Amino acid sequence: MVKPYVIIGTGAAGMAAAERLRLYKPDATILMLSIDEYSHSRCMLHKFLGGERDEEGLSFVEKDFFEKKNILWGKGQAVKAVDPKEKRVLLENGYQPYEKLLIATGSVFGIPPIPNFRTAANVFGFRDLSDAQKMDAAIKELSAKHVFIVGSGLVGLDVAYALLERGIKVTIAEMADRVLPLQTDAVSAKAYQELFEKAGAQFKLGIGASDSVVDEQNRITAVKLSNGEEIPCDFVVCAAGVRPNLAFLEGSGIKTDRGILVDTHMQTSEPDIYAAGDVTALSGIWPNAMDQGRIAAANMCGQPQEYTDTFCIKNTINFFGLTMLSVGEVEPKEEGSQVYTRECRNAYQKVIVRDGVIRGVQLQGDISHSGFWQYLIKNQIDISGKLAEKSVFDLSYGDFYGMDDFGEYRYA
């Protein structure tokens with residue numbers, strides 16, 4: 001029997017890998033397995049929750065992707081375990097053998113150890129379409145008017161934005177002293193906080209949830225804060241952290257740390273098993289996950305390629321029409337850093353330089369021509385010579401030659 005190439009997960013890494021596998025293996029059997037029954041972009045889940053799109057509108061591939069690429073799709077198939085010795089995965093209804101296996105299961109939300117949070121019937125995460133569907137059903141069933149959100153990162157604000165669009169009041173608790181603490185500083189965070197507050201959101205910054213009140217139906221009806229305040233709510237959303245989806249690998253022998261450990265070929269510690277995307281705990285941004293999937297696929301097909309992109313985290317943000325690009329350090333991580341800021345009515349720019357190299361950039365209000373900044377950071381270009389001549393904000397592509405054959409920039 002011919003064993004298929006099996007991919008667990010239909011997110012960015014999995015889909016990119018499937019497409020590349022088909023390119024290298026035109027006649028091979030490729031099987032994708034996923035818990036969800038719709039392929040979807042997590043970046044667009046708030047559009048479903050907000051009522052802007054239906055399930056099919058969340059797909060980031062062509063409608064006939066699986067048919068056109070001749071890829072089999074096992075919808076609603078939860079993988080329970082992986083057996084490297086027998087080269088098979090355990091499903092709810094049996095085993096599935098594989099020739100080569102790619103694990104691209106992404107990450108799952110975590111629930112903080114707050115009384116009742118892990119046992120109550122109305123506590124949700126927001127990582128997959130199934131989470132959004134459960135939340136949508138709860139809104140309708142409970143006629144929800146007030147939701148409590150733990151965490152004001154990108155996921156938390158995505159949820160808040162969607163709920164506000166549906167006329168639901170939200171209260172957001174954040175342990176940090178500002179919203180979007182991983183992507184913003186005090187200035188850029190304030191701009192987003194004011195927009196959300198104008199839309200009706202309430203923030204509790206520097207404050208955590210410490211307890212909760214449940215009713216006879218095991219539903220949380222109020223959350224108690226560490227300052228003694230009690231916030232009534234119809235349900236709770238936990239958006240304060242994620243972890244790689246690894247539970248089903250217990251006993252498999254596949255080595256993990258914070259995520260699945262892989263080499264530069266995206267291969268795990270077990271032969272013929274690869275991993276890509278969030279489950280590896282490498283860079284968690286969409287383009288990197290796709291690159292990892294493609295490189296894993298190439299190596300699965302005997303076409304050696306290496307993943308060497310250690311580029312710092314990059315986030316593009318857009319709430320209420322205010323766009324922002326945040327790359328690298330938000331605040332200086334070491335002494336001796338120079339911090340440059342420029343602010344006007346509709347824009348804010350911040351650049352962190354250390355040892356002549358840009359370590360972080362925030363562009364809020366206008367992110368045009370931002371590729372230039374990303375290249376300077378990624379390639380660790382020494383700009384100290386140019387800073388002696390002009391402001392960091394006046395630098396442009398014109399100050400540099402194109403990249404040479406070694407991927408390095410040269411001064412003009």
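The values are calculated or read from the model by the stated rules, or taken from the named source; none is laboratory data. All values reported here derive from a predicted model rather than from experimental measurement. Here the Cβ positions follow ideal geometry from the backbone for every residue, glycine too, while neighbour counts run over all protein chains shown.
Across region 293-335, which residue is surrounded by the most Cβ atoms within 10 Å (Cβ to Cβ) among those that are under 26 Å from Gln380 (Cα atoms) and small (Gly, Ala, Ser)?
Filtering region 293-335 for residues that are under 26 Å from Gln380 (Cα atoms) and small (Gly, Ala, Ser), the one surrounded by the most Cβ atoms within 10 Å (Cβ to Cβ) comes out as Gly293.
Check Leu21, Leu45, Leu31 and return the single one that is of a type in the set (A, V, I, L, M), touching a residue at least 60 places away in the same chain (Cβ under 8 Å) and part of a strand (DSSP E or B).
Details: Leu21 fails: part of a strand (DSSP E or B); Leu45 fails: part of a strand (DSSP E or B).
Answer to the selection: Leu31.
Does Ala120 satisfy the criteria of being over 27 Å from Gly9 (Cα atoms) and part of a loop (DSSP other than H, G, I, E, B)? Steps first, answer last, please.
Values: over 27 Å from Gly9 (Cα atoms): yes; part of a loop (DSSP other than H, G, I, E, B): yes.
It is true that Ala120 is over 27 Å from Gly9 (Cα atoms) and part of a loop (DSSP other than H, G, I, E, B).
Take region 327-356 and flag every residue that is part of a strand (DSSP E or B), hydrophobic (A, V, I, L, M, F, W, C) and within 26 Å of the chain's Cα centre (by Cα). Before the answer, list the steps.
Quick first cut of region 327-356, residues part of a strand (DSSP E or B) only: 327-328, 338-344, 347-354.
Pick out the ones that are also hydrophobic (A, V, I, L, M, F, W, C) and you get 327, 339, 344, 347, 351-353.
Result: Val327, Ala347, Val351, Ile352.
Those residues that are acidic (Asp, Glu) and crowded, with 19+ Cβ neighbours inside 10 Å, I need them from region 271-292; list them, please. Write out each step before concluding.
Taking region 271-292 and keeping what is acidic (Asp, Glu), we get 272, 278, 291.
Within region 271-292, Asp278, Asp291 meet the criteria.
May I ask you to list the residues in region 166-213 that are aliphatic (A, V, I, L, M), outside any loop (DSSP other than H, G, I, E, B) and closer than 16 Å to Cys238 by Cβ? Spell out the reasoning first.
Going residue by residue through region 166-213, those that are aliphatic (A, V, I, L, M) are 168, 170, 172-173, 175-176, 179-180, 182, 186-187, 189, 191, 195, 199, 201, 205, 207, 209, 213.
Going one step further and asking which of them are outside any loop (DSSP other than H, G, I, E, B), we end up with 170, 172-173, 186-187, 189, 191, 195, 205, 209, 213.
Listed by number, the residues that qualify are Val170, Ile172, Ala173, Ala209.
Could you look through region 103-129, keep only residues that are of a type in the set (S, T, N, Q) and closer than 18 Å to Gly241 by Cβ, and pick out the one that is modelled with the lowest pLDDT? Reasoning before the result, please.
If we filter region 103-129 for residues that are of a type in the set (S, T, N, Q), which is where we start, we get 105, 107, 116, 119, 122.
Next, only the ones that are closer than 18 Å to Gly241 by Cβ stay: 105, 107.
Numbers: Thr105: 94, Ser107: 89.
Within region 103-129, the match that is modelled with the lowest pLDDT is Ser107.
Take the residues in region 87-105 that are in contact with a strand residue (DSSP E or B) (Cβ under 8 Å, 6 or more places away or on another chain) and either on the phi > 0 side of the Ramachandran plot or in a loop (DSSP other than H, G, I, E, B) (or both); name whichever of them is surrounded by the fewest Cβ atoms within 10 Å (Cβ to Cβ).
This residue is Glu92.
Quickly run through region 63-81 and pick out the residues that are within 19 Å of Ala13 (Cα to Cα) and in contact with a helix residue (DSSP H, G or I) (Cβ under 9 Å, 6 or more places away or on another chain).
Once the filter is applied, which keeps residues that are within 19 Å of Ala13 (Cα to Cα) and in contact with a helix residue (DSSP H, G or I) (Cβ under 9 Å, 6 or more places away or on another chain), region 63-81 yields Lys63, Phe65, Phe66, Lys69, Asn70, Ile71, Leu72, Trp73, Ala78, Val79.
Residue check: is Leu180 at positive phi, crowded, with 23+ Cβ neighbours inside 10 Å and not assigned by TED's automatic domain parsing to the domain that holds Glu55?
Numbers: at positive phi: yes; crowded, with 23+ Cβ neighbours inside 10 Å: yes; not assigned by TED's automatic domain parsing to the domain that holds Glu55: yes.
Answer is yes for this residue.
Tally up the residues in region 20-57 that are modelled with pLDDT under 95 and touching a Gly at 6+ places or on another chain (Cβ under 9 Å), please.
Residues meeting the conditions: 11.
Tell me, yes or no, whether region 366-386 has at least one residue that is among the charged types (D, E, K, R), outside any loop (DSSP other than H, G, I, E, B) and touching a residue at least 60 places away in the same chain (Cβ under 8 Å). I'd like the intermediate steps shown before the answer.
Applying the first criterion (among the charged types (D, E, K, R)) to region 366-386 yields 366, 378, 382, 386.
In the following step, the residues that additionally are outside any loop (DSSP other than H, G, I, E, B) were identified as 378, 382, 386.
Among the residues that remain, those that are also touching a residue at least 60 places away in the same chain (Cβ under 8 Å) are: 378.
The answer is yes; a qualifying residue exists.
When the residues of region 219-269 are filtered to those that are assigned to a loop (DSSP other than H, G, I, E, B) and touching a Gly at 6+ places or on another chain (Cβ under 6 Å), which remaining residue is farthest from Ala13 (Cα to Cα)?
To start, the set of residues in region 219-269 that are assigned to a loop (DSSP other than H, G, I, E, B) comprises 219, 226-229, 233-234, 239-241, 245-246, 250-255, 257-259, 261-266, 268-269.
If we keep only those that are touching a Gly at 6+ places or on another chain (Cβ under 6 Å) too, we end up with 226, 239-241, 245.
Working: Ser226: 39, Ala239: 22, Ala240: 23, Gly241: 20, Asn245: 14 Å.
If we take residues in region 219-269 being assigned to a loop (DSSP other than H, G, I, E, B) and touching a Gly at 6+ places or on another chain (Cβ under 6 Å), then Ser226 is farthest from Ala13 (Cα to Cα).
When you go through Glu62, Glu56, Glu67 one by one, which is the residue that is assigned to a loop (DSSP other than H, G, I, E, B) and either outside the structural domain of Ala275 (by TED's automatic domain parsing) or out of contact with any Pro (no Cβ under 6 Å at 6 or more places or on another chain) (or both)?
Testing whether each residue is assigned to a loop (DSSP other than H, G, I, E, B) and either outside the structural domain of Ala275 (by TED's automatic domain parsing) or out of contact with any Pro (no Cβ under 6 Å at 6 or more places or on another chain) (or both) leaves just Glu62.
What pairs can you find where one residue is in region 48-59 and more than 11 Å from Leu129 (Cβ to Cβ), the other is at pLDDT 85 or above and of a type in the set (Ser, Thr, Tyr), and their Cβ atoms are less than 8 Å apart, with a gap of 6+ or different chains?
Correct list of pairs: Gly50/Tyr161.
Search region 158-169 for residues that are hydroxyl-bearing (Ser, Thr, Tyr) and pair each with any residue that is modelled with pLDDT of 95 or more and surrounded by 17 or more Cβ atoms within 10 Å (Cβ to Cβ) when their beta-carbon atoms are under 8 Å apart and the residues are at least 6 apart or on different chains.
That search, which allows pairs on different chains as well, returns Tyr161/Phe196; Tyr161/Phe319.
Looking only at region 357-380, count how many residues are buried (at least 17 other Cβ atoms within 10 Å of the Cβ), of a type in the set (A, V, I, L, M, F, W, C) and under 16 Å from Glu329 (Cβ atoms).
6
Suppose the filter is of a type in the set (Ser, Thr, Tyr) and without any contact (Cβ under 8 Å) to a residue 60 or more places away in the chain; does Thr341 pass it?
no
Which numbered condition trips up Ile149, out of (1) surrounded by fewer than 22 Cβ atoms within 10 Å (Cβ to Cβ); (2) in a strand (DSSP E or B)?
The one condition Ile149 does not meet is (1).
Among the residues of region 117-132, write down those that are in contact (Cβ under 8 Å) with a residue 24 or more places away in the chain, surrounded by fewer than 17 Cβ atoms within 10 Å (Cβ to Cβ) and more than 30 Å from Ile273 (Cα to Cα). Even if it seems obvious, please write down each step before you answer.
Pass one, region 117-132, residues in contact (Cβ under 8 Å) with a residue 24 or more places away in the chain: 117, 119-132.
Narrowing further to those that are surrounded by fewer than 17 Cβ atoms within 10 Å (Cβ to Cβ): 119, 121, 130.
Correct list: Thr119, Ala121.
Would you mind telling me which numbered condition in (1) surrounded by fewer than 21 Cβ atoms within 10 Å (Cβ to Cβ); (2) touching a residue at least 12 places away in the same chain (Cβ under 8 Å); (3) not acidic (Asp, Glu) Val351 fails?
Of everything listed in (1) surrounded by fewer than 21 Cβ atoms within 10 Å (Cβ to Cβ); (2) touching a residue at least 12 places away in the same chain (Cβ under 8 Å); (3) not acidic (Asp, Glu), Val351 misses just condition (1).
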